[in-house]
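J.: Okay, here's the structure, questions in a sec.
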Amino acid sequence: MSLEIVRSVAALRARVAGWRKEGIRVGVVPTMGALHEGHMSLVRLAQSHADRVIVTLFVNPTQFNNKDDLAAYPRTEHEDAAKLAALDVDILYAPDAAEMYPNGFSTTVSVKGVSEGLCGAFRPGHFDGVATVVTKLLLQSGADCAVFGEKDFQQLSVIRRLVADLDIPVEIIPGPTVRETDGLAMSSRNVRLTPDGRAAAPALAAALFEAATKLRTGAPIAPTIAATRDAILAAGFTEVEYLELRDAISLAPVDALTGPARLLVAAWRDGVRLIDNVQVDRP
Ligand code: PAF
């Protein structure tokens, strides 16, 4: 079947209702486009959990706290559609802003707790924008399952929380972070690095993995984090916005490894903000 491009909520609902009558399981992969291999792995994961897959493409203005960042965000629908067609995706749902936020739109989904700190502290309003648009996309698609990448681990935690709190009947499936061969987590921001920045960037993941290994084998948390921060700066990053060990479910700060934890980082190089995270199991 060829890729169908759908632009309205009504058309999407009609399509999904037809599938439902046939007992077909539907998966959705929300994206903002500029698709790379990381997104493709999420699509393949959705296809392994569902009979039909919808990929959504909407550059959501409400999650950008910086107008220039929104304006600079790559818009490559034509190329994205070709990549999805090659993977046999069933529907590309690409509404415009008026369809998502019609005149009079006044509702915000705001998730306390997991949205606070980390990216939430540096990008005011970002997770309200994400939570609101993801709630809409889940309700519009009525999908049985939805795939989100672990690369945006705090976003994944926010989405898990809102789905549980709002009783949205969808299974959230986490997709492992896809990395370049040198370890750099794939991101649409990587192309904005200078050649020197691109060469330095894998040090971020290397520092995280090294710290995770040390913590797993019982190294003390605070000094390990301080040394990892120094290593990231020494590798050529200009700023470490945050580097924190958090509980893997609640995202509460962790000062002893009593259960699964996540080490999360945001750091700047060449005016590009890179994020990454790794699992840290108890020793
Ligand atoms: O991760 C993203 O690309 C976006 O935050 C999402 C989940 C599609 C919501 O706009």
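The values are calculated or read from the model by the stated rules, or taken from the named source; none is laboratory data. As the structure is a computational prediction, the values presented were derived from the model and not from experiment. Every residue, glycine as well, gets a Cβ built from its backbone with ideal geometry; the counts of neighbours run over all protein chains shown.
J.: Can you tell me which condition Ala143 does not meet? The list is (1) assigned to a loop (DSSP other than H, G, I, E, B); (2) within 22 Å of Gln279 (Cα to Cα), and all the others hold.
T.: Result: Ala143 passes all but (2).
J.: List, please: which pairs have Cβ atoms under 7 Å, are six or more places apart or on different chains, and start with a residue in region 173-195 that is within 26 Å of Ala146 (Cα to Cα) and end with one that is polar (S, T, N, Q) and assigned to a loop (DSSP other than H, G, I, E, B)?
T.: Cβ pairs passing all conditions: Ala185/Thr177.
J.: Which numbered condition trips up Ile173, out of (1) more than 12 Å from the ligand (Cβ to nearest atom); (2) within 16 Å of Gln47 (Cβ to Cβ); (3) buried (at least 19 other Cβ atoms within 10 Å of the Cβ)?
T.: (3)
J.: Filtering region 146-166 down to residues that are within 10 Å of the ligand (Cβ to nearest atom) and assigned to a helix (DSSP H, G or I), which residue is nearest to Lys112 (Cα to Cα)?
T.: Top of the filtered list is Val158.
J.: Which strands (runs of 3 or more DSSP E) sit wholly inside region 171-283 and have at least 2 residues that are among the charged types (D, E, K, R)?
T.: Details: elements: 171-175, 239-247, 261-269, 272-280.
Strands (runs of 3 or more DSSP E) meeting the threshold: 239-247, 261-269, 272-280.
J.: Looking at (1) away from the ligand (no atom under 14 Å from the Cβ); (2) farther than 22 Å from Ser8 by Cα; (3) free of Cβ contacts under 8 Å to residues at least 60 places away in the same chain, which one does Phe105 not meet, given that it meets all the others?
T.: With (1) away from the ligand (no atom under 14 Å from the Cβ); (2) farther than 22 Å from Ser8 by Cα; (3) free of Cβ contacts under 8 Å to residues at least 60 places away in the same chain applied to Phe105, the lone miss is (2).
J.: Does Pro223 fit the bill of being more than 22 Å from Pro74 (Cα to Cα) and free of Cβ contacts under 8 Å to residues at least 24 places away in the same chain?
T.: Working: more than 22 Å from Pro74 (Cα to Cα): yes; free of Cβ contacts under 8 Å to residues at least 24 places away in the same chain: yes.
For Pro223, the condition - more than 22 Å from Pro74 (Cα to Cα) and free of Cβ contacts under 8 Å to residues at least 24 places away in the same chain - is met.
J.: Right, something else. Within 23 Å of Val53 (Cα to Cα), surrounded by 21 or more Cβ atoms within 10 Å (Cβ to Cβ) and within 13 Å of the ligand (Cβ to nearest atom) - does that describe any residue in region 109-130? If you could, list the steps in order and put the result at the bottom.
T.: From region 109-130, those within 23 Å of Val53 (Cα to Cα) are 130; that's our starting set.
Within this subset, residues satisfying the condition of being surrounded by 21 or more Cβ atoms within 10 Å (Cβ to Cβ) are 130.
Within this subset, residues satisfying the condition of being within 13 Å of the ligand (Cβ to nearest atom) are 130.
Yes, some residue in region 109-130 is within 23 Å of Val53 (Cα to Cα), surrounded by 21 or more Cβ atoms within 10 Å (Cβ to Cβ) and within 13 Å of the ligand (Cβ to nearest atom).
J.: Would you be able to tell me the number of residues in region 15-72 that are out of contact with any Lys or Arg (no Cβ under 6 Å at 6 or more places or on another chain) and within 11 Å of the ligand (Cβ to nearest atom)?
T.: 20
J.: Looking for whichever is closer than 21 Å to Pro260 by Cα and not basic (Lys, Arg) here; the options are Ala235, Ala207, Ala227, Ala203. Which one fits? Spell out how you get there, then give the answer.
T.: Working: Ala235 fails: closer than 21 Å to Pro260 by Cα; Ala227 fails: closer than 21 Å to Pro260 by Cα; Ala203 fails: closer than 21 Å to Pro260 by Cα.
Every option except Ala207 fails the conditions.
J.: So which pairs qualify, if the first residue must be in region 124-135 and within 13 Å of Leu162 (Cα to Cα) and polar (S, T, N, Q), the second must be near the ligand (Cβ under 7 Å from one of its atoms) and at pLDDT 95 or above, the Cβ gap must be under 9 Å, and the two must be at least 6 apart or on different chains?
T.: What qualifies is Thr132/Asn60; Thr132/Gln63.
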